[in-house]
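**Student:** Below is the structure I would like to discuss, written out as structure tokens.
The values are calculated or read from the model by the stated rules, or taken from the named source; none is laboratory data. Values in this document were obtained by computation on a predicted structure and should not be read as measured data. As a convention, Cβ positions derive from the backbone with ideal geometry for all residues, glycine included, and neighbour counts pool all protein chains shown. Note: accessible area is taken over every heavy atom of the protein model, side chains too, but ligands, DNA and RNA are not part of it. Shrake-Rupley method; radii C 1.70, N 1.55, O 1.52, S 1.80 Å.
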Amino acid sequence: MPSFSPDGSQVTFTLTNDSKKGNGLYTALVGGDKLLQLTDDPGDCCSAWSPDGQAVAFSRNSENGFDIYTVSPLGGTPRKLYARSQRKLYAYSTNRAQLLAWSPDGKLVAFSEANAEGRPAITLLSLADHSTRHLTSPPVEHFDSQPAFSPDGKRMAFVRTSGPGAVDDLFLVPIEGGFPGA
């Protein structure tokens with residue numbers, strides 16, 4: 001799951017089961033041959049750059065659930081933004097990884113998390129106070145994943161998957177909430 005910096009000069013990605021370099025999140029200059037290890041946990045994935053390029057958000061999955069962190073693209077100690085015990089970031093049966101999305105104004109991070117009914121819904125994390133709210137509410141036997149903010153930050157695109165055959169549809173919803181439209 002690579003992620004480009006806003007200016008396109010760097011990319012972050014996850015390495016797992018690499019005996020020479022080690023597990024974790026890495027960054028590299030595009031076209032460069034040197035890697036900088038940002039984290040060393042094999043559960044780290046799904047990086048997303050902040051709009052100003054000063055931080056990288058990522059998820060850390062474990063037996064106890066998942067957390068969302070940020071880390072400087074220059075390295076350093078990751079800072080925990082969000083912890084949710086006993087729930088992992090949702091990756092559906094085709095093993096496509098969960099994505100994090102950073103709002104264009106840098107105030108929100110979006111991800112998919114089970115709602116009160118146990119169905120994965122798009123959730124918004126406020127970076128100001130670390131509060132969350134579910135943006136979507138998928139119907140029974142549906143789940144929402146892969147959030148992406150519009151360039152103006154007013155809408156969210158996401159994938160809604162339905163049924164036992166895992167049929168994907170693309171939806172848009174206003175950031176304020178409301179009924180999603182295909």
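**Student:** So what does THR123 come to for accessible area, using a 1.4 Å probe and Å² rounded to 10?
**Tutor:** Looks like 0 Å² after rounding.
**Student:** Using R₀ = 41 Å, calculate the FRET efficiency as 1/(1 + (r/R₀)^6) where r is the Cβ-Cβ separation of PHE13 and PHE179; round to 0.05. Don't skip to the answer; put the middle values down first.
**Tutor:** Numbers: r = 36 Å, r/R0 = 0.88.
My answer for the efficiency is 0.70.
**Student:** Aspartates and glutamates within cross-link reach of LYS80: Cα-Cα under 13 Å, excluding same-chain residues under 8 positions apart?
**Tutor:** Cross-link targets: ASP44, ASP67, ASP129.
**Student:** Apply the Karplus curve 6.51 cos²θ - 1.76 cosθ + 1.60, θ = phi - 60°, to the phi angles in the stretch 166-173 and return the couplings in whole Hz, x for Gly and Pro.
**Tutor:** Per residue, the Karplus-derived 3J(HN,Hα) values read 6, 8, 9, 10, 9, 10, 10, 9 Hz.
**Student:** What accessible area, in Å² to the nearest ten, does a 1.4 Å probe give for VAL140?
**Tutor:** 100 Å²
**Student:** Please give the contour-minus-distance gain from ASP169 to ASP40: 0.36 nm per residue of separation, less the Cα-Cα distance, rounded to one decimal in nm.
**Tutor:** Working: separation 129, 0.36 × 129 = 46.44 nm, distance 3.53 nm.
Here the answer is 42.9 nm.
**Student:** Here is a further query. Computing the accessible area with a 1.4 Å probe over protein heavy atoms, can you report the carbon and sulfur percentage for the chain? Don't jump to the answer; show the numbers that get you there.
**Tutor:** On the way: 4940 of 9520 Å².
Looking at the chain in its full context, I get 52 percent from C and S.
**Student:** Moving on to the next point. At 25 °C and 0.890 mPa s, what whole-number value in µm²/s does Stokes-Einstein give for the translational diffusion of the chain, with Rh from the Kirkwood sum over Cα pairs?
**Tutor:** Details: Rh = 16.8 Å.
Approximately 146 µm²/s, per Stokes-Einstein.
**Student:** OK, next. Sort 100-109, 32-41 by packing, meaning the average of other beta carbons within 10 Å per residue, with the highest value first.
**Tutor:** Numbers: 100-109: 19.1, 32-41: 14.1.
Those peptides, ordered most packed to least, come out 100-109, 32-41.
**Student:** Long-range amide H contacts for ASN115: which residues qualify at under 5 Å (H placed 1.01 Å from N, peptide plane, sequence gap of 5 or more or a different chain)?
**Tutor:** Here ALA121 satisfy the definition.
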